[in-house]
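Q: Take a look at this one; I'll ask things after.
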Amino acid sequence: MPMWRTGISINRRGFTLVELVIVIVVLSLVSLLSLPLLSNRGEGDERLVVRRLAGTVKQLYNEATLTRDEHLLVFNFSRNSVTTFRLHSRVGGTETEPFGRELLLEPLKLTQIDVEGKGSFRTGQVSVRVLPLGWMEQTRLFVMRRNGTEIELDFSPLTGSVTINDEFATVQ
């Protein structure tokens with residue numbers, strides 16, 4: 001067999017059977033581990049939307065406390081979305097300024113909002129006030145999953161935290 005000066009054979013052609021089997025086993029293991037993660041993608045999207053909504057509420061609460069400006073969470077049933085606003089007090093009245101961007105709730109569907117002192121809503125637009133001194137209106141939000149199960153989000157008026165209640169877990 002011809003050899004280079006470094007001791008490596010120059011007639012080697014292809015891979016051995018052992019090398020091919022090892023590669024096939026490794027690829028099989030990777031695909032077996034990743035397939036379940038890809039199949040639950042819809043549930044991950046739902047959790048992402050719920051977490052993003054909870055984060056938006058907390059951010060708005062903190063912003064209202066820090067800036068001493070009133071803020072609004074506006075839930076729109078027809079658009080299935082949440083929009084946030086900052087209210088500036090001016091001499092001639094109150095000016096509404098968009099705060100952040102609209103949060104679409106897809107793949108979830110907004111089904112009901114209960115605001116303490118205002119009632120229960122299933123259509124239209126509902127505004128929830130976040131006051132500058134660290135208080136927001138007690139709100140309970142219900143969203144529907146694709147499979148028909150419901151998730152409940154409770155907004156704490158004193159901390160701005162959101163408790164997420166669903167049939168699988170309760171997270172704060």
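The values are calculated or read from the model by the stated rules, or taken from the named source; none is laboratory data. Model, not experiment: these values are computed from the prediction. For neighbour counting, all protein chains shown are included, and Cβ atoms are generated from backbone atoms with ideal geometry for every residue, glycine included.
Q: Is it the case that region 138-156 has a residue that's of a type in the set (Gly, Ala, Ser) and either surrounded by fewer than 16 Cβ atoms within 10 Å (Cβ to Cβ) or without any contact (Cβ under 8 Å) to a residue 60 or more places away in the chain (or both)?
A: Among the residues of region 138-156, at least one is of a type in the set (Gly, Ala, Ser) and either surrounded by fewer than 16 Cβ atoms within 10 Å (Cβ to Cβ) or without any contact (Cβ under 8 Å) to a residue 60 or more places away in the chain (or both), which makes the answer yes.
Q: Every residue in region 148-158 that is closer than 17 Å to ARG52 by Cα and assigned to a loop (DSSP other than H, G, I, E, B), please.
A: Hit for region 148-158 is SER156, nothing else.
Q: Looking at region 88-122, which of the residues that are in contact with a Ser or Thr (Cβ under 8 Å, 6 or more places away or on another chain), at pLDDT 95 or above and not hydrophobic (A, V, I, L, M, F, W, C) is farthest from SER78 (Cα to Cα)?
A: Here the residue is ASP114.
Q: Please find, among ALA54, ALA64, the residue that is buried (at least 18 other Cβ atoms within 10 Å of the Cβ), closer than 24 Å to TRP135 by Cβ, in contact with a His (Cβ under 7 Å, 6 or more places away or on another chain) and in contact (Cβ under 8 Å) with a residue 40 or more places away in the chain.
A: Result of the check over ALA54, ALA64: ALA64.
Q: Say we look at region 124-147 and pick out the residues that are at pLDDT 90 or above and in a loop (DSSP other than H, G, I, E, B); which of these is nearest to GLU106 (Cα to Cα)?
A: ARG145
Q: Being loosely packed, with under 12 Cβ neighbours inside 10 Å, on the phi < 0 side of the Ramachandran plot, modelled with pLDDT of 90 or more and out of contact with any Phe, Trp or Tyr (no Cβ under 8 Å at 6 or more places or on another chain) is the requirement here; does VAL25 meet it?
A: Criteria met by VAL25.
Q: Follow-up. Report whether or not LEU72 is at pLDDT 95 or above, within 29 Å of the chain's Cα centre (by Cα) and surrounded by 12 or more Cβ atoms within 10 Å (Cβ to Cβ).
A: no
Q: Something else now. Scan the strands (runs of 3 or more DSSP E) fully inside region 44-121 and keep the ones with 1 or more residues being charged (D, E, K, R) and more than 16 Å from GLY160 (Cα to Cα). If you could, list the steps in order and put the result at the bottom.
A: Working: elements: 70-76, 81-90, 93-98, 109-115, 119-121.
Because the criterion is at least 1 residues that are charged (D, E, K, R) and more than 16 Å from GLY160 (Cα to Cα), the strands (runs of 3 or more DSSP E) in region 44-121 that meet it are 81-90, 93-98, 109-115.
Q: Right, something else. If we scan region 107-125, do we find a residue that is in contact with a Gly (Cβ under 9 Å, 6 or more places away or on another chain) and either among the basic types (Lys, Arg) or loosely packed, with under 13 Cβ neighbours inside 10 Å (or both)?
A: No; the residues of region 107-125 include none that is in contact with a Gly (Cβ under 9 Å, 6 or more places away or on another chain) and either among the basic types (Lys, Arg) or loosely packed, with under 13 Cβ neighbours inside 10 Å (or both).
Q: Here's a follow-up. Among the numbered criteria (1) at pLDDT below 85; (2) surrounded by fewer than 10 Cβ atoms within 10 Å (Cβ to Cβ), which one does GLU43 miss?
A: (2)
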